Amino acid sequence: MEHRPGVQLITEQLIGSVAEEAARSPRRRKNYNFHSGDGDNPHRFLNVLLAGSYVRPHRHRQPAKAEAFVVLAGHLAAFTFDGSGSVTGGYMLGNEPFRGRTPSKITEGGVARGIDLEPGVWHCVASLSPIAVCYEVKPGPWDPLTDKEFAVWAPEEGTPEAAEFLAALLA
């Protein structure tokens, strides 16, 4: 296949390579950026999450940024929360019917291909399959100091409490 400038293909080989990196990561996930740098707008990337990866609930409020996920492979659970940490919505995301055990906090029926979140919505995602791959888009630029506001009511990543929090969401 001929390479064309300005064109990046999402192939099984690319997904496999990113999944291998996710497997080596203590976070059990890995992004692959299609945008060229932190200052680009929008940011477009693959987000490969392995089962057990904990994404701490967060929101993008200052600066206000919407965020969208479209699942390319596997299944994700997406959760939204109120300001005190109560689940306000649970959504099954995937590109085929789900054959596993549905977590009790999934409040919406059926499997959606993706989700679009308005700025300021508390949210997190979790893989329901050994590997889940999504295409994610959100506005740039990216500044690690302001990109996410982490929920004070949710445990920090890498703690024993984080594993318990994730297990409770997926119960």
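The values are calculated or read from the model by the stated rules, or taken from the named source; none is laboratory data. Values in this document were obtained by computation on a predicted structure and should not be read as measured data. Please note: Cβ atoms are built from the backbone with ideal geometry, for glycine as well, and neighbour counts cover all protein chains shown.
Assess whether Thr88 counts as being over 27 Å from Glu20 (Cβ atoms), part of a strand (DSSP E or B) and more than 16 Å from the chain's Cα centre (by Cα). Even if it seems obvious, please write down each step before you answer.
Details: over 27 Å from Glu20 (Cβ atoms): yes; part of a strand (DSSP E or B): yes; more than 16 Å from the chain's Cα centre (by Cα): yes.
Yes: the conditions hold for Thr88.
Cβ-Cβ contacts under 6 Å between residues 6 or more apart (or on different chains), taken from a first residue in the range 94-120 that is modelled with pLDDT of 95 or more to a second residue that is loosely packed, with under 12 Cβ neighbours inside 10 Å, are listed as Pro119/Ala64.
For (1) β-branched (Val, Ile, Thr); (2) within 30 Å of Leu14 (Cβ to Cβ); (3) in a strand (DSSP E or B); (4) in contact with a Ser or Thr (Cβ under 8 Å, 6 or more places away or on another chain), each residue gets a yes or a no:
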{"site": "Val70", "(1), (2), (3), (4)": "yes, yes, yes, no"}
{"site": "Leu76", "(1), (2), (3), (4)": "no, yes, yes, yes"}
{"site": "Phe79", "(1), (2), (3), (4)": "no, yes, yes, no"}
{"site": "Gly83", "(1), (2), (3), (4)": "no, no, no, no"}
{"site": "Met92", "(1), (2), (3), (4)": "no, yes, yes, yes"}
{"site": "Phe98", "(1), (2), (3), (4)": "no, yes, no, no"}
{"site": "Ala132", "(1), (2), (3), (4)": "no, yes, yes, no"}
{"site": "Glu156", "(1), (2), (3), (4)": "no, no, no, no"}
{"site": "Phe165", "(1), (2), (3), (4)": "no, no, no, no"}
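Would you mind finding the one in Arg27, Arg61, Arg4, Arg56 that is closer than 30 Å to Pro160 by Cα and modelled with pLDDT under 95?
Details: Arg27 fails: modelled with pLDDT under 95; Arg4 fails: closer than 30 Å to Pro160 by Cα; Arg56 fails: modelled with pLDDT under 95.
Checking each option against the conditions leaves just Arg61.
Restricting the range 1-60 to residues that are surrounded by 11 or more Cβ atoms within 10 Å (Cβ to Cβ) and among the basic types (Lys, Arg) leaves a set whose member that is nearest to Ala171 (Cα to Cα) is Arg56. Can you find a residue that is surrounded by 13 or more Cβ atoms within 10 Å (Cβ to Cβ), touching an Asp or Glu at 6+ places or on another chain (Cβ under 8 Å) and in a loop (DSSP other than H, G, I, E, B) anywhere in the range 111-118? No.
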